[in-house]
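Heads up: the structure comes next, in structure tokens.
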Amino acid sequence: MTTLPPSLSPSRSQTTCASLLQELQIIWDEIGESDGERDKMLLELEQECLNIYRRKVEMTRKCKADLQNSLAQFESEIAKIVSSLGEHSFSFSRGKGTLKQQISYIRPVLEELRSKTKQRVKEFTETQSQIVKICAEIAGNGQSMMSSDPQVDERDLTVKKLGELKSHLQELQNEKIIRLQKVDSHISMIHELSVVMSFDFLETVSGIHSSLIDPANGQSKSISNDTLAKLTGVVNSLQQEKQKRLQKLQCLGSTLIELWDLLDTPPDERKRFEHVSSLISSSVDEVLRQGSLGLDIIEQIELQVQSLNVLKASKMKELVLKRQNELEEIYRGVHIDVNSDAARQILINLIESDNVDLSNLLSSMDDQIAKAKQEALSRKDILDKVDKWKHASEEEKWLDDYEKDENRYSAGRGVHKNLKRAEKARILVSKLPSIVEHLTAKLKAWELEKGIPFLYDKASLLDMLEEYTVLRQAREDEKRRSREQKRLQEQFAAEQEALFGSRPKKPLAQTNAMVGTPTSRRVSTPSGKHGVSNLKERRETGRVNNVIPVNFVALTKDDPMSRGN
């Protein structure tokens, strides 16, 4: 039976209640409360006391239930940990005593099991991390699979499960060692082949995986399936290349010996290529000398064989190449583009192959020359017109530059010759549209007949004419705009003179800048104008002279500023 504290003992509480009740009676008497009201208040007091007792009892019951629940949870957690650890020999009893005593007894046991579980989880995590790391290296995923810790299944933390994981880890470690040995073997083979064939070993291996040359941040060499496959592929490819190069050198060496014998090459010359002739009877595995199968060696032998073949076939090529020169001259004369280098190479290859009859080859060349002459004859009329068009275009450009020259009428040597040429050029330029039109008609008829475009030094002549026509029209439009602008300027100058009378004398430079002398007109006129007639120029010059006296410069010589200048 629970003992009440001294402050709540029955005697003391009853005395206190009686004293308070007596005091309450006195107050009621003074107030004059009725008996009914007094009974009602006493009943309320009793009900409040009962409610307080009930709440206290409920709180105590809840506290008991919480303790029982905690105890049950501890026991459940212990059972779960024991099951996950596989500790079947572990026995536990909560003991006797109060609930608090039982909890204080069970708590140390639970803490010990929790610590053991944490240690076991750590072992699982470390083992699984190593497994994941090696698997990632084998799969070639790098750091992607190692970015987060592996998830441990805490429902099974038995020693048996841990042993299985460690056994699997040991298998993976053994496989990693085997893969590293394969990688090192392949790298060693690539290095050996690189020495024999003289290519960049570091560039080849680093192209497969950077860790194979310089592992960074403690990262070991890549052992992934992809890396091993690439290494195997490179080794096979290099071995095939080695076999191919050896066969090529052996073939070149045999040819070289034949040419030596044919041309009676002296022993001193043959000794320079002794390292090649010695490989004729060697197998692939026997060739280990540094640089013996390098591309420079092969190129050197090829050049030597080619030089000897050139010497052998020089007489044979002279006649054929003479025909080829004649053919090329015909084509160049009518502006037909031919690939001379390719044609010559084909002829040289035919001669060097020894599979062609010289007489048949020369006859074929004569047929080609006859065909070329016939084709040149069909183009002659058009090419004559092209020359005429090009000459007229050049005269047009000269005339344009000549008419822009402010000093073209100044006295000097050759002025009369330029004037005569300008007159002839204007006549020729006036015929340019008809020249282009006739040439275009001829071109279209020729292309319709032949069914091919007429090419002039690789370019379509019809396209060249169309482009020239467009550009010439643009220049004519620009000249018209320039003449209109000049007319407006002259009109404005005339209006100014009519309004203000004759203008005061000014230095030549200022006058030119203000009213538009030939110098200022040349600066403001766009470049590329053609075909301005001499008659129009004189008429326009006359209009300007109405505004500016011809002897304006002479009149200004008396001006003090002019003398100062």
Hey, could you pull the Cα Rg and Dmax for region 18-119, both in Å?
27.0, 81
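Once you keep just the Cα pairs under 8 angstrom separated by 6 or more residues, what percentage relative contact order results for region 18-119?
Here the relative contact order equals 24 percent.
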Simple SL model, points at 7 angstrom along Cα→Cβ for Lys404 and His416; separation in nm is 2.9 nm
Area of Glu58 that stays accessible when all protein chains are in place (1.4 Å probe, Å², to 10):
100 Å²
Suppose R0 equals 30 Å. What FRET efficiency, 1/(1 + (r/R0)^6) with r the Cβ-Cβ distance, do Ala65 and Gln119 give to the nearest 0.05?
0.30
Which value in nm describes the separation of the simple spin-label points at Ala494 and Ser198, placed 7 Å from the Cα toward the beta carbon?
8.6 nm
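Taking 0.36 nm per intervening residue step and subtracting the Cα-Cα distance, what contour gain separates Asp381 from Leu43 on full extension?
107.5 nm is the gain from fully extending Asp381 to Leu43.
With an 8 Å cut-off on Cα pairs and a minimum separation of 6 or more residues, tell me the relative contact order of region 120-212 in percent. Walk me through the numbers on the way to the answer.
Details: 47 pairs, mean separation 25.2, N = 93.
Averaging sequence separation for qualifying contacts and normalising by length gives 27 percent for region 120-212.
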Any chance you could run the full-extension gain for Lys182 through Asp35? It's 0.36 nm times the residue separation minus the Cα-Cα distance, nm to one decimal.
41.9 nm
Which distance in nm do the two modelled labels at Gln25 and Glu449 give, with both placed 7 Å along the Cα-to-Cβ direction?
15.5 nm
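The values are calculated or read from the model by the stated rules, or taken from the named source; none is laboratory data. Model, not experiment: these values are computed from the prediction. Please note: Cβ atoms are built from the backbone with ideal geometry, for glycine as well, and neighbour counts cover all protein chains shown. These accessible areas exclude ligands, DNA and RNA; they are computed on the full protein's heavy atoms, side chains included. Shrake-Rupley method; radii C 1.70, N 1.55, O 1.52, S 1.80 Å.
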